[in-house]
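Since the structure comes first, as structure tokens, the remarks are kept for the end.
The values are calculated or read from the model by the stated rules, or taken from the named source; none is laboratory data. None of the values given here were measured: they were computed from a predicted structure. All Cβ positions, glycine included, derive from the backbone under ideal geometry; neighbour counts span all protein chains shown. Just the protein is used for accessible areas: all its heavy atoms, side chains included, with ligands, DNA and RNA removed. Shrake-Rupley method; radii C 1.70, N 1.55, O 1.52, S 1.80 Å.
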Amino acid sequence: MVKLSVIVPFFNVQQYAPDTLKSLRANAREDFEFILVDDCSRDETPDILARAERELPGAVYVRHEKNGGLATARNTGIDNARGEYLTFLDGDDWLAPGYYPQLLGAIEELGCDFVRTDHVQCTARARSIHRVPNGRRGVVMNPRDAILPADRSTSVDYAYAWAGIYHRRLVDKGVLHFTHGLRTAEDRPWIWKLHREADSFATVGLLGVFYRRGVASSLTQIGDVRQLDFIRAFDQVIAETAKDRDADKLLPKAVRTYCAIISHHLGSIERFEPAVARKLKSMSAVALRRMPQDVLDEALDSMDVQRATRLRRLRRRPAATGVAA
């Protein structure tokens, strides 16, 4: 029986894939499987993964004939997973030796639906530890209790799918899959759904994932139209949260976070291609008008003057014809 399935999407990461695979080997166990999903790479990544399928214990190689994006690649991995537990890793990140056996031990000891962990962020030679914004460690909690307060960073703002481990019952419940086709912010609707619909979770102070920032091929570094998928992602968060039994409590957090992300992108708009920058402004203005206006008013009142002014100005922007998220 497979105890743990590790889902690792790859796309044009020939420079980093060998380190990722080496770290997986240092975490291999006879009851672990590594599902290597190539999302139609155009470099040497497929050759690297084909060799890994032969050489890495537990490796299962799956190749997309058409690029679908990270959310779709992760879903392919979930659909192929056989493990009692599942976790994720990105194809340009890496692990400390022996990390996965410790992570598995943590969730088995706690007996909850999912466990969230800290991680090490790596930018060039710099290293920094990033903590789950939840002060209670090693204690099983109701995931809904970790969504609020609205005006502080909470567990739903720490959306990294690879920073944790998840019991298979979440797959069976329909909670673990990602929204098909999202090119960026794919983890935002996912983390909100996880915290609204799972029954139990815990946070542990376990370090072992090394998250590589500043990779040139990463969508966070590219200012093209795919970045605008954050609007579709957060529209989904708002729509699903509005149907929740605690919508009156949770919507202020969802709306405030959406506003903060819009403001963040507007604040660095120079990195977008000119046509995409114009579309960002138009689509964001429409998105603001789609939000529950009373909740939006409260969110803007609670934000700092610079961000609130920027968003109020955008909210008053005349609607452009033919613009949709």
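Using Cα atoms only, what is the angle between the long axis of helix 229-242 and the major principal axis of the chain, expressed in degrees (0 to 90) to the nearest 10?
The angle comes out at about 80 degrees.
Quick check: at a probe of 1.4 Å, how many percent of the accessible area of region 43-173 sits on carbon and sulfur atoms?
On the way: 2660 of 5640 Å².
Carbon plus sulfur share of accessible area: 47 percent.
Excluding same-chain residues fewer than 8 positions from Lys281, which lysines have a Cα within less than 30 Å of its Cα?
Lys193, Lys243, Lys249, Lys253
If one computes P(r) from the Cα atoms of region 108-240, what percent of pairs lie at distances over 20 Å? Walk me through the intermediate numbers first.
Details: 4317 of 8778 pairs.
Percent of Cα pairs beyond 20 Å in region 108-240: 49.
After finding the eigenvalues of the alpha carbon gyration tensor for region 267-306, what semi-axes result from the square roots of 5 times each, listed largest first in whole Å?
Square roots of five times the eigenvalues give 24, 14, 4 Å.
Taking region 91-144, how much of its Cα-Cα pair set, in percent, is spaced more than 15 angstrom apart?
Result for the distance tail: 59 percent.
Specify the angular offset, from 0 to 90 degrees and rounded to the nearest 10, of the alpha carbon long axis of helix 70-80 from the longest principal axis of the alpha carbons in the chain.
40
Roughly how big is the chain's charge dipole about its Cα centre, with Cβ charges of +1 (Lys, Arg) and -1 (Asp, Glu), in debye to the nearest 20? Intermediate values should be presented prior to the final figure.
Working: 48 positive and 43 negative charges, 243 e Å.
Result for the chain is approximately 1160 debye, rounded to the nearest 20.
Work out how far the C-alpha atoms of the chain reach from end to end along every principal axis, then list the three figures in whole Å, largest first.
Taking max minus min along each principal axis of the Cα atoms, the chain gives 59, 44, 36 Å.
Find how many whole Å separate the alpha carbon centroid of region 95-110 from the alpha carbon centroid of region 15-87.
Computed from Cα coordinates, the inter-centre distance equals 19 Å.
For the chain, take the longest principal axis of its alpha carbons; what is the angle in degrees between that and the long axis of helix 45-55, to the nearest 10 within 0 to 90?
For helix 45-55, the angle is close to 40 degrees.
I'm a student and want to see the number: the projected area of the Cα convex hull of region 171-296, averaged over all directions, in nm².
9.6
Using the heavy atoms of the protein chains and a 1.4 angstrom probe, tell me the accessible area per residue for the chain in square angstrom. Can you show the working numbers first?
Numbers: 14180 Å² over 325 residues.
In whole numbers, the chain has 44 Å² accessible per residue.
Find me the longest stretch of the chain that has none of the exposed GluC sites (Glu not before Pro), where exposed means in a DSSP loop (not H, G, I, E or B) with at most 10 other Cβ atoms within 10 Å.
On the way: sites that count: Glu30, Glu65.
Longest run free of exposed loop sites: 66-325.
Pop out the ³J(HN,Hα) list for region 91-104 in order, Karplus 6.51 cos²θ - 1.76 cosθ + 1.60 with θ = phi - 60°, rounded to Hz; leave Gly and Pro as x.
Running phi through 6.51 cos²θ - 1.76 cosθ + 1.60 with θ = phi - 60° gives x, 10, 10, 8, 10, 6, x, x, 5, 5, x, 5, 5, 4 Hz.
Specify the longest stretch of the chain that does not include any exposed loop site, a site being one of the trypsin sites (Lys or Arg not before Pro) with a non-H, G, I, E, B DSSP assignment and at most 10 other Cβ atoms within 10 Å.
In short, 153-242.
Above 18 angstrom, tally the Cα pairs of region 221-270 and express them as a % of all pairs, no decimals.
It works out to 36 percent of all Cα pairs.
Averaging sequence separations of C-alpha pairs under 8 Å and six or more residues apart, then dividing by the length of region 1-124, give the relative contact order as a whole percent. Don't skip to the answer; put the middle values down first.
Working: 215 pairs, mean separation 45.2, N = 124.
The value is 36 percent.
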